[in-house]
Amino acid sequence: VGELHAADIDPVAVRCARGNVGEVGGQVYVSDLYDGVPARLRGRVDVLVVNAPYVPTDAIGLLPPEARDHEPRIALDGGVDGVEVQRRVAAGAGAWLAPGGHLLIETSARQADRTVRAMVDGGLVARVVEDPELGATVVVGAAP
């Protein structure tokens, strides 16, 4: 039997997520990455899906107005090179993933190499998956 857990640092996003995943019995936590996630999940997560901010700080002003003017900055700002939050995610993922578990992080095609490096540095085996039709790039890391 699977469980669904979600976390976000933004209380507004957590309220929205609770409305979405609560219908299927999911739990949502206000958390800065892993800090507020129940410790009982350590080493038990089969799939960890992350939509961390990946816009470089200096590029936020270049985003379309619907993003930069209406999204909280914390949801956009990925730090100087756009992968600072992703590095934190990847560094901690190994402690939370079950053996053979996977971490999926949305990123940009330009930053995929940095995201791969972050996962490898975190002890995961990483690969890039792209969907040209959707214009989506995801780096998938597998726990050994």
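The values are calculated or read from the model by the stated rules, or taken from the named source; none is laboratory data. Computed from a prediction, not measured in an experiment: that's the story for all the values here. Glycine also receives a Cβ, built like all others from the backbone with ideal geometry; neighbour counts cover every protein chain displayed. Side chains included, ligands, DNA and RNA excluded: accessible areas come from the protein's heavy atoms. Shrake-Rupley method; radii C 1.70, N 1.55, O 1.52, S 1.80 Å.
Could you size up the charge dipole of segment 81-144 around its Cα centre, putting +1 on the beta carbon of Lys and Arg and -1 on that of Asp and Glu, and report it in debye to the nearest 20?
On the way: 6 positive and 8 negative charges, 50 e Å.
In debye, rounded to 20, segment 81-144 gives about 240.
Give me the extension gain from residue 81 to residue 106: residue separation times 0.36 nm, minus the current Cα-Cα distance, reported in nm with one decimal.
Result for the pair: 7.5 nm of gain on full extension.
Heavy-atom accessible area per residue, segment 56-112, 1.4 Å probe: how many Å²?
52 Å²
Measuring nothing but how far apart in sequence close Cα pairs (under 8 Å, 6+ apart) lie, relative to its length, segment 51-117 scores a relative contact order of 38 percent.
Note on volume of the Cα convex hull per residue in Å³: of the candidates [x] 123; [y] 107; [z] 147, the value calculated from this structure sits at [x]. Across the accessible surface of the chain, with the other protein chains kept in place and a 1.4 Å probe, carbon and sulfur atoms take up 55 percent. The GNM of the chain, with springs linking C-alpha atoms under 10 angstrom apart, assigns the highest mean-square fluctuation among 15, 114, 87 to 15.
For residue 136, neighbours were defined as the other residues whose beta-carbon sits under 15 Å from its Cβ, and their charges (Lys and Arg +1, Asp and Glu -1) total -2. The Kirkwood hydrodynamic radius of segment 1-78, based on inverse pair distances between different Cα atoms, is 14.1 Å.
If the chain linking residue 95 and residue 113 were pulled fully straight, counting 0.36 nm for each residue of separation and taking away their Cα-Cα distance, it would gain 4.2 nm.
Report summary: the helix-based calculation at 222 nm, which adds -39500 (n - 2.57) for every DSSP H run with n ≥ 4 and divides by the residues of the chain, gives -8000 deg cm²/dmol. As a rough guide to protection, the peptides 20-31, 117-128 ranked by mean Cβ packing within 10 Å, highest first, stand as 117-128, 20-31.
Considering only DSSP beta bridges where both residues belong to the chain, give the percentage that are antiparallel (nearest 5). All intermediate terms of the calculation are to be shown ahead of the outcome.
Numbers: 13 of 23 bridges.
Counting only bridges with both partners in the chain, antiparallel ones make up about 55 percent.
Label reach from residue 18 (point 7 Å along Cα→C-beta): in segment 35-72, amide nitrogens under 17 Å belong to 36-38. For the chain, the relative contact order is 20 percent, taking Cα pairs closer than 8 Å that sit 6 or more residues apart in sequence and dividing their mean separation by the residue count.
Apply 1/(1 + (r/R0)^6) to the Cβ-Cβ distance of residue 3 and residue 32, taking R0 = 25 Å, and write down the FRET efficiency to the nearest 0.05. Spell out each step's value before the answer.
On the way: r = 21 Å, r/R0 = 0.85.
Plugging the Cβ-Cβ distance into 1/(1 + (r/R0)^6) gives 0.75.
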